[in-house]
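The values are calculated or read from the model by the stated rules, or taken from the named source; none is laboratory data. Fair warning: this is a prediction, and the values are worked out from it, not measured in the lab. Note that we place each Cβ from the backbone using ideal geometry, even for glycine, and neighbour counts take in every protein chain shown.
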Amino acid sequence: MKMTKLTVALAISGFLGLGSVAHAIIAVSGDTYVFEANSDIPDNPTIFDGSTITIDWTGDDGVASFNFVDTDLPGSPFTSGYESVNSVTSYDKTGWSGDFQVSIGSYDFEATGSEMIETTLEVEPSASGTWTYVPDASSTFPMLLGVLAALAGVHYCNRPRVLALAGR
């Protein structure tokens, strides 16, 4: 009976440890990028700053979600809309390439790997800038729990009383 408890404790800690470490290594969510304008828009040089795009390629063309900031429009930031173009060609920690266009109500936005444009107005505000990779820290906690569970299992097995009981 005591040996069974030991086996179950080891199995559970092992599964938790390995599962959590695997979860942390395999990208569960996509890679997120945040936009910082570096161009000179006369009235508002930071109109699109803080816009984000998350790319995970679970679909055919890359973009999983977006959060577009346009400080000149009511209702900003925008997180949903009709995607007319979703063609990311590549992405890594240095940025992304391709084109993403979305209609949100009566507004149209276009994002490329180096630019944000609001294409609805007569004077189309645009900003060149940098999409900065935001490291995904969501896997840190599960990995830490996995390591702690594995260490707890090892510690449990190395206790003198457990070793003495296992020898019976």
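One line per residue, one yes/no per condition, for (1) modelled with pLDDT of 85 or more; (2) in contact with a His (Cβ under 8 Å, 6 or more places away or on another chain); (3) closer than 18 Å to T46 by Cα:
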position: F100; (1), (2), (3): yes, no, no
position: F109; (1), (2), (3): yes, no, yes
position: E118; (1), (2), (3): yes, no, yes
position: Y133; (1), (2), (3): yes, no, no
position: V154; (1), (2), (3): no, no, no
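Residues in segment 80-114 that are loosely packed, with under 14 Cβ neighbours inside 10 Å, in a loop (DSSP other than H, G, I, E, B) and in contact with a Ser or Thr (Cβ under 7 Å, 6 or more places away or on another chain): S106 alone.
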